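Chemist: Just passing along the structure, written as structure tokens.
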Amino acid sequence: MRKVFLLKIDSLSSQVLIPNIINYSNSNDNFSVGCSDTSNTQDSSELSKMKLLVSSNAPNAADPQTNSINIKPGEIKNIGSVDGSPLNISFDADGTTSTSFSMPIPAPTPGSTATPYDLFAASVYYGHSTAQQDTASSIVSRFKLLNSVANGAMSVNQYNATDLGSNTMSTAELLTSLGIDVSKSFSFNGKSFSLDAQGNLHALLPASSLNVTQ
């Protein structure tokens, strides 16, 4: 027997993570999705990208051999796993973040029907427990913040002053989980950094800049 739940999530942004209609099966605790209006379609390329996002074949964002992390807008990279499920991430050019655990959905307009993209995102979200979502969020929040520093959207001082709470993975924990040696300098998108004994992040000037300033 199936029950249909109508869900609405309040959000301060123009995007929400949960679409409107979810079909839930009590028999096996699995969520499936359905749409009452088959004429409502989503851009197939965007839907295809989101399907790739949940793939287990995404390349790693980190390279332990070079002690570096690299991810460009539009790329899909792996940043770990949660209970065996790959945690992949992708940044759009506008900074929007999508992961294999949660995908942004435009806030619905009155009278609109959930699209195939919306429904796929819902099936991904509800395919993981609350505990798993919390773990993924802890990893993603820290990675997003580091990405902001590497791309110049946030200063190192702002990063170190930002308190993400005790439930969020620390910088050292994240980097170590990615295979980065935190006892050495590392790079993120070509920018060099180091961590001190207290776990604070420091930006390192490239050799060319050091020569100019000396």
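Read-outs: derived from the displayed coordinates by stated rules, not from any lab. Keep in mind it's a predicted model, so treat the numbers as computed, not measured. Quick reminder, even Gly has a Cβ in these numbers, built from the backbone with ideal geometry, and neighbours come from all protein chains shown.
Chemist: With the requirement that a residue be among the hydrophobic types (A, V, I, L, M, F, W, C) and either under 22 Å from residue 153 (Cα atoms) or in contact (Cβ under 8 Å) with a residue 40 or more places away in the chain (or both), what does the range 65-107 give you?
Modeler: Within the range 65-107, the subset among the hydrophobic types (A, V, I, L, M, F, W, C) is 69, 71, 76, 79, 82, 87, 89, 91, 93, 101, 103, 105, 107.
Selection gives 69, 71, 76, 79, 82, 87, 89, 91, 93, 103, 105, 107.
Chemist: Another one. Identify all residues within the range 94-106 that are under 17 Å from residue 47 (Cα atoms) and not in a strand (DSSP E or B); write none if there are none.
Modeler: The answer is 96, 100, 101, 102, 103, 104.
Chemist: For residue 111, which of the numbered conditions (1) in contact (Cβ under 8 Å) with a residue 24 or more places away in the chain; (2) farther than 27 Å from residue 203 by Cβ fails to hold?
Modeler: The one condition residue 111 does not meet is (1).
Chemist: For the range 158-166, does any single residue satisfy the condition of being over 20 Å from residue 72 (Cα atoms) and in contact with a Ser or Thr (Cβ under 7 Å, 6 or more places away or on another chain)?
Modeler: yes
Chemist: Condition check: in contact with a Ser or Thr (Cβ under 8 Å, 6 or more places away or on another chain) and surrounded by fewer than 17 Cβ atoms within 10 Å (Cβ to Cβ). Does residue 107 satisfy that? Write out each step before concluding.
Modeler: On the way: in contact with a Ser or Thr (Cβ under 8 Å, 6 or more places away or on another chain): yes; surrounded by fewer than 17 Cβ atoms within 10 Å (Cβ to Cβ): yes.
The answer is yes for residue 107.
Chemist: Name, by its number, the condition in (1) surrounded by fewer than 19 Cβ atoms within 10 Å (Cβ to Cβ); (2) out of contact with any Gly (no Cβ under 9 Å at 6 or more places or on another chain); (3) more than 24 Å from residue 55 (Cα to Cα) that does not hold for residue 149.
Modeler: (1) is the only condition that residue 149 fails.
Chemist: Name every residue in the range 113-156 that is in contact with a Ser or Thr (Cβ under 7 Å, 6 or more places away or on another chain), in a loop (DSSP other than H, G, I, E, B) and among the hydroxyl-bearing types (Ser, Thr, Tyr), in order of residue number.
Modeler: Passing the criteria: 113, 115.
Chemist: Which residue out of 187, 194, 170 is free of Cβ contacts under 8 Å to residues at least 24 places away in the same chain and among the polar types (S, T, N, Q)? Can you show your working first?
Modeler: Working: 187 fails: free of Cβ contacts under 8 Å to residues at least 24 places away in the same chain; 170 fails: free of Cβ contacts under 8 Å to residues at least 24 places away in the same chain.
Exactly one residue qualifies, and that residue is 194.
Chemist: If you don't mind, another one. Of the residues 147, 160, which is more than 13 Å from residue 89 (Cβ to Cβ) and touching a residue at least 40 places away in the same chain (Cβ under 8 Å)? If you could, list the steps in order and put the result at the bottom.
Modeler: Values: 147 fails: more than 13 Å from residue 89 (Cβ to Cβ).
Of the residues listed, the single one that is more than 13 Å from residue 89 (Cβ to Cβ) and touching a residue at least 40 places away in the same chain (Cβ under 8 Å) is 160.
Chemist: Can you tell me which of (1) in contact with a Lys or Arg (Cβ under 7 Å, 6 or more places away or on another chain); (2) crowded, with 19+ Cβ neighbours inside 10 Å is the one residue 99 doesn't meet?
Modeler: (1)
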